[in-house]
Amino acid sequence: MSRRRFYLAAAVCLFFSPVRPDEDCPPSCMCARDSGTVTCRDGGESEVPAGIPDWTSTLILRGNNISTLPPAVFSANGTELGLTTLSLSYNGIQAIEPYAFLGLPRLHLLDLSHNRLVSVSPRAFHGLLQLRSLYLNCSLAPAGAAQLSDALGAQSLYSLHRLELAGNRLTSIPLLALDSYNLHTLVLTNNSIETVGEENVSGLYLQSRMRVYLSLNPFRCTCELEAFYYWLKNSSQCPDASRLLCSEPESKRGVPLEKLRGEDLDCTNENLEAVSYVFLGIVLALIGVVFLMVLYLNREGIKRWLNNIREACRDQMEVYHYRYEQDSDPRLANVAV
């Protein structure tokens, strides 16, 4: 009987005693101190939760209504957090203000995918000196895409190894100089890139260890793509090269870039053909001008020649007319007999 009472008292004590590992966990979040993970999902929060524990290494904020990331939003009272992984996907984020991630010097992975970034400050990623991976898939509105190249400055992200920008309708590679980055992987699939300029191709040659994913882009297979075409043929840096297809011109739509011939994209031939047509037009115009000048200079002689022809024709017609009148009178025919 005493043993039963002891167990009952122990159960009551355990039930009513506070759970020490979660005592500093923010409301609406789940904390796992053993793994250093704090997860705040689908809570409808409009701001980053306050009071993130110091021991947190992975913070997952997903499915909330955080429209803006203000400066130093993750550092409380100027203190630094030891976060190495930060996931902010599906939060409806529209603006990243300057120094938003200040206080996260050890952050290695930042996921901002599936948001709606309209405003991205040039200093948005300032302070992320150890950032290795940045995910911005399906996150950029047109205005945000236009500001991205300044935000991705090599001075702020010189340790960046992986950059994912899939599904953002980008029309060009949003990096000012590829050779100034330390990237190992660049994902640009499912965008609106029609051509890759010679400057970017030169940067790709210099960054020989970089792997670039470019499938599901509407490439315009004209001579402007010549430099990129030869890089694609002579390099193994594009793992999905077999999936790169032409969208223009109509005659090449759906044709893989790898199966094109060099002369299909030869700018020299196209330029020579255009020059030849221009030259032919100039020659024909000169011939026409010379012909008109000859006519003008010989106008008097030509006029006399035309008058002579007209008089000769008139005399000939009068002779034919006279003979016709003689043959048509029967009396003249009898006299002749």
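We did not get these values from a lab; they are worked out from the coordinates using the rules stated. Since the model is a prediction, treat every value here as computed from it, not as a measurement. Neighbour counts run over all protein chains shown; Cβ positions are idealised from the backbone, glycine included.
Quick notes on this structure:
- Whole-number percent relative contact order across the range 18-271, with pairs defined as alpha carbons under 8 Å at least 6 apart: 10 percent
- In this simple spin-label model, placing a label point 7 Å from the Cα along the Cα-to-Cβ direction at both ALA312 and VAL289 gives a separation of 3.5 nm.
- Low-density loop cleavage sites - GluC sites (Glu not before Pro) in the range 41-115, where at most 14 other Cβ are within 10 Å (DSSP): GLU47
- Kirkwood-type radius of the range 165-214, with distances r between different C-alpha atoms, in Å: 11.1 Å
- With both labels modelled 7 Å from their Cα along Cα-to-Cβ, the SER35 to GLN155 distance reads 3.9 nm.
- Once both labels are positioned 7 Å from their Cα atoms along Cα-to-Cβ, the gap between ASP42 and GLU97 label points is 3.1 nm.
- Values of log10 I(q)/I(0) for the range 18-271 across q = 0.11, 0.17 Å⁻¹ run -0.64, -1.21, by the Debye formula with one identical scatterer at each alpha carbon and no solvent.
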